[in-house]
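The values are calculated or read from the model by the stated rules, or taken from the named source; none is laboratory data. In this text the structure is predicted, and so the values were computed from the model without any measurement. Methodologically, a virtual Cβ is constructed for each residue, glycine included, from the backbone with ideal geometry; neighbour enumeration extends over all protein chains shown. Just the protein is used for accessible areas: all its heavy atoms, side chains included, with ligands, DNA and RNA removed. Shrake-Rupley method; radii C 1.70, N 1.55, O 1.52, S 1.80 Å.
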Amino acid sequence: MGETENHQHHHHPPPPQVVAPPAAPPPNFALSRGPTWTPAEQLHQLQYCIHSNPSWPQALLLAFQHFIVNLGTTVLIASTMVPRMGGNHGDKARVIQVLLFMSGINTLLQTLIGSRLPTVMGVSFAYTLPLLSIINDYTDETFATEHDRFIRGIRTIQGSLIVASFVNIILGYSRAWGELTRFFTPIVMVPVVCLVGLGLFARGFPLLGNCVEIGLPMLILLIISQQYLKRVHSRAHLILERFALLICIGIVWAFAAILTVSGAYNNVKTATKLSCRTDRSYLMSSAPWIKIPYPFQWGTPIFRASHVFGMIGAALVSSAESTATYFAAARLSGATAPPAHVLSRSIGLQGIGMLLEGLFGSLVGTTASVENVGLLGLTHIGSRRVVQISTGFMIFFSIFGKFGAFFASIPLPIFAAIYCILLGIVAACGITFIQFANSNSMRNIYVLGVSLFLGLSIPQYFVMNTTGDGHGPVRTNAGWFNSILNTFFSSPATVAIIVGTVLDNTLEAKQVDDRGIPWWKPFQHSKGDSRTEEFYSYPLRINEYIPTRFL
């Protein structure tokens, strides 16, 4: 005790301890830079969503715009394939008529009882490889005329389409396709939807470059008028945002016609003449005034097993590409993500459409048109009625051939300029799915990066190593096996679905939220989200009139 007193006597008492104030938290850069955006399921800048409709005059013009955009791809595939098959200009005009007619019928069926989304069903480039192998088979045989070779080729295509269509019908109506889509998550949808747009890059600037003096002015004029000039006046805003595409096509097409008439292309290479001149398609002179496409118009279908398997591969690829396009369409038309049962019935109906195409003698099968979905984003109008009206234009111009041929003579570089923008919009739409998952997860970054890169790189390898007659890098003794694999791996969206789904479902996520599953789950079941019925139910609501005991 004394010691303590003594100790205290000689030493000053210790100073009271000052408690240091708590360290300031590190600055949150996300907040200091502005607001953080909450995920948005539906785009709020849309002026008309899936079931709201613009006025009839506007709807007609917008529908005509959809028809023109779809026409470009139709003319491109017919101009590429028909001459190789031995067809003349008259055959090309008739093929375009059939393709347009089937586009109209299939679009109407899909918007009424299929996906119910505002998607135009256009020609699919997935069928080019099976087509080339059919053309190659008949090149060596001797025919009385080239026209006979063309007829034999198209009858073989008919037979292959008819058989291959049952794959889609079974996949769709057995609900197998819907079950497969349950493995998709927002992380899988990013590369898949992205590559549905980016995978078609060859139809953008490379095609535009065939005639730069027409294509480049179209591209620049469309961007300036649709994005910048619309700010000049409130009235201009409405017109240019919705109809700039039609106005620009009119101006540049007239410019191309003036160049043609003035003789600017008289002494140039044949390839340049084909791309630049407005009178090189020879469709106006060869198209019939009135011709209604009818089943077996080329003759009875020819069934050859070796070609059927290539078509089956193409049918599966077009299903994969359509599925990705439906997700983009749902996003750009203000609908919720399509549930599994809707995807199943739309793929089943696509099979029925393919069966009809085989019967009517179409050159290729159809798939949901990516460029028309881009047009929904460009005009900010996702109305289903607009797309349904566009089927009227397709069917009308396919029957009255001369009128359709007039619009089909628009030079392809003009369409290529349009695709540069529309396909870009769809690709960017795919990127927006990342907001529903954790974009800071290294696992997700890995899955996205590998799927995106391989989705572009593998098809590029297959395209570069495919010979002119359709023989790809896979060359085993089994021709059917080669056809399926070469077709599969030439499609960016299909490769992305395979790589993305496998990686995303086998790599472990740290948290369930990382993959975006909690957001995704409700949209996969018919009763999971209250809005599903509103967007995807059948038009006449037949089930409301059936007594419940029969349901």
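Data table
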read-out	value
Scope the stretch 84-101; condition surrounded by fewer than 24 Cβ atoms within 10 Å (Cβ to Cβ) and polar (S, T, N, Q); matching residues	N88
Single residue of T487, T506 found to be more than 14 Å from P191 (Cβ to Cβ), surrounded by 22 or more Cβ atoms within 10 Å (Cβ to Cβ) and among the hydroxyl-bearing types (S, T, Y)	T487
Wholly within the stretch 258-356, helices (runs of 4 or more DSSP H) carrying at least 3 residues that are modelled with pLDDT of 85 or more and not small (G, A, S)	305-332
Any hit, the stretch 247-256, residues being of a type in the set (F, W, Y), open to solvent by 20 Å² or more (accessible area, probe 1.4 Å), at negative phi and assigned to a helix (DSSP H, G or I)	yes
Residue check, Y173 of a type in the set (S, T, Y) and within 19 Å of M85 (Cα to Cα)	no
Of all residues in the stretch 199-209 being outside any helix (DSSP H, G or I) and touching a Pro at 6+ places or on another chain (Cβ under 9 Å), the one that is most open to solvent (accessible area, probe 1.4 Å)	L200
Failed condition for G104, given (1) under 22 Å from the mean Cα position of the chain (by Cα); (2) farther than 15 Å from G401 by Cβ; (3) at pLDDT 95 or above	(2)
Exclusive hit being in a helix (DSSP H, G or I), surrounded by 21 or more Cβ atoms within 10 Å (Cβ to Cβ) and on the phi < 0 side of the Ramachandran plot, set V196, V212	V196
Any hit, the stretch 218-240, residues being surrounded by fewer than 15 Cβ atoms within 10 Å (Cβ to Cβ) and closer than 26 Å to L452 by Cα	no
Filter result for E534 (part of a helix (DSSP H, G or I) and either out of contact with any Lys or Arg (no Cβ under 6 Å at 6 or more places or on another chain) or open to solvent by 40 Å² or more (accessible area, probe 1.4 Å) (or both))	yes
Residue ID - nearest to the chain's Cα centre (by Cα), chosen from residues in the stretch 258-281 that are open to solvent by less than 90 Å² (accessible area, probe 1.4 Å) and of a type in the set (S, T, Y)	S275
Conditions (1) out of contact with any Ser or Thr (no Cβ under 7 Å at 6 or more places or on another chain); (2) among the polar types (S, T, N, Q); (3) open to solvent by less than 40 Å² (accessible area, probe 1.4 Å): number failed by N482	(1)
